[in-house]
1. Kindly express, to the nearest 10 degrees and within the range 0 to 90, the angle between helix 212-224's C-alpha long axis and the longest C-alpha principal axis of the chain.
2. Could you tell me the center-to-center distance, by alpha carbons, between region 140-177 and region 201-278 in angstrom?
3. Placing +1 at every Lys and Arg Cβ and -1 at every Asp and Glu Cβ, with all other atoms neutral, what dipole size does the chain have around its Cα centre, in debye to the nearest 20?
4. At what distance in nm do the modelled label points of Asp256 and Ile345 sit from each other, each positioned 7 Å from its Cα along Cα→Cβ?
5. Please turn the phi angles of region 317-325 into ³J(HN,Hα) values with the Karplus equation 6.51 cos²θ - 1.76 cosθ + 1.60 (θ = phi - 60°), one per residue in order, whole Hz, x for glycine and proline.
6. Which order do Ser3, Ser208, Ser180 take by accessible area at a 1.4 Å probe, largest first?
7. If I ignore ligands, DNA and RNA and count only protein heavy atoms, how much of Val15 is accessible to a 1.4 Å probe, in Å² to the nearest 10?
8. Please grab the % of Cα pairs in region 166-253 that end up more than 18 Å from each other.
Amino acid sequence: MISVGIVGGTGYTGVELLRLLLRHPNVQVSVLTSRTEDGRRVDDMFPSLRGHTDLKYSDLNIEELKKCDVVFFATPHGVAMQHAQDLLAANTKVIDLAADFRLQDLEQFEKWYGMQHACPEILKQSAYGLSELNRDKIKNAQVIGNPGCYPTTVQLGLAPLFKQAETLVKPESIIIDAKSGVSGAGRKASLGMIYSENADNFKAYGVSGHRHHPEIVEALENISGQKGVFDHIVFVPHLVPMIRGMLSTIYIDLTDAGAAADVQSLYEQFYANEAFVDVMPANSSPETRSVRGSNQLRIALYKPQPNKLIVLSAQDNLVKGAAGQAVQNMNLMFGFAEDAGLQGIGLLP
């Protein structure tokens, strides 16, 4: 049994972490912090947890967090890197759900997040936490940068194509048309997130540039071993009027070798032993509601023309896109079964 701390326990990803960890067989949640709710019972704010925990929120106390085996940061960008050094010195592992340890390129980090990195040496030693693609490094890491939600759908949607000896894809052709529910923006009061602004509405955002774009580029470079070929991919996110769910539709031009390949078999073989990636039968269409509340990501493939491929990639942005992936990483770091605490089935209808 390990002791766990969660910093930022009132946001959507923080309470989702708590929901998953409360049913984890190897975990005791010991510390749950909130700057604004110090002393308040968790189940007072989130009645769904009544009968499952008697935890109370507390203000951030680094000495208490040092007593934990691992601390999750479900906080805004820039918080985890302020405390990582103190926690590591106490032999406490760190899993950050924000962007502090995602990008190894400091120039890109500072450009997109508007801050200097507080611990670049720790960043160099951290592991990028997409379990299916970086499992060995995660197992030995002390610090994990949990992937962004959109980049998770894109990387798992494209990885099999770039792990082959032959060049199957024209990288410069990739277009990522991605949609997310409003919970992806976090639990905060803002005009753009209120019901009357989002219900019966559908819009693109970040069209001129989005923070997840450089993360996607860096990740695809690492997957493929190719530098500079993904600079011209197009990524456009959209906001849809639902709470949870994310669907990325990825359009790709294939090379002649790619056109000749059996991509359905390629994907099925690549993910054959992955508990949380479901390659659906040909001509399927993954629905966001089929993964709601689960750590599952579903992929479907279409070839509408011989040299065109469409990849559909669906997940729950709060689970596989955030908290569930973080728990999956924790399981790897501590040698637990990778699916421990994550066996939940999607909620449908």
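The values are calculated or read from the model by the stated rules, or taken from the named source; none is laboratory data. Owing to the predicted nature of the structure, the values given are computational and were not obtained by experimental measurement. Neighbour counts run over all protein chains shown; Cβ positions are idealised from the backbone, glycine included. The accessibility values were calculated without ligands, DNA or RNA, using every heavy atom of the protein model including side chains. Shrake-Rupley method; radii C 1.70, N 1.55, O 1.52, S 1.80 Å.
1. 60
2. Using only Cα atoms to place each centre, the spacing works out to 6 Å.
3. Working: 31 positive and 38 negative charges, 120 e Å.
About 580 debye.
4. My value for the distance between the label points is 4.9 nm.
5. For region 317-325, the Karplus-derived couplings read 5, 8, 10, 4, x, 7, 5, x, 4 Hz, x marking Gly and Pro.
6. Working: Ser3 25, Ser208 125, Ser180 5 Å².
Listed by decreasing accessible area, they come as Ser208, Ser3, Ser180.
7. Its accessible surface works out to 20 Å², give or take rounding.
8. Values: 1906 of 3828 pairs.
That tail contains 50 percent of the Cα-Cα pairs.
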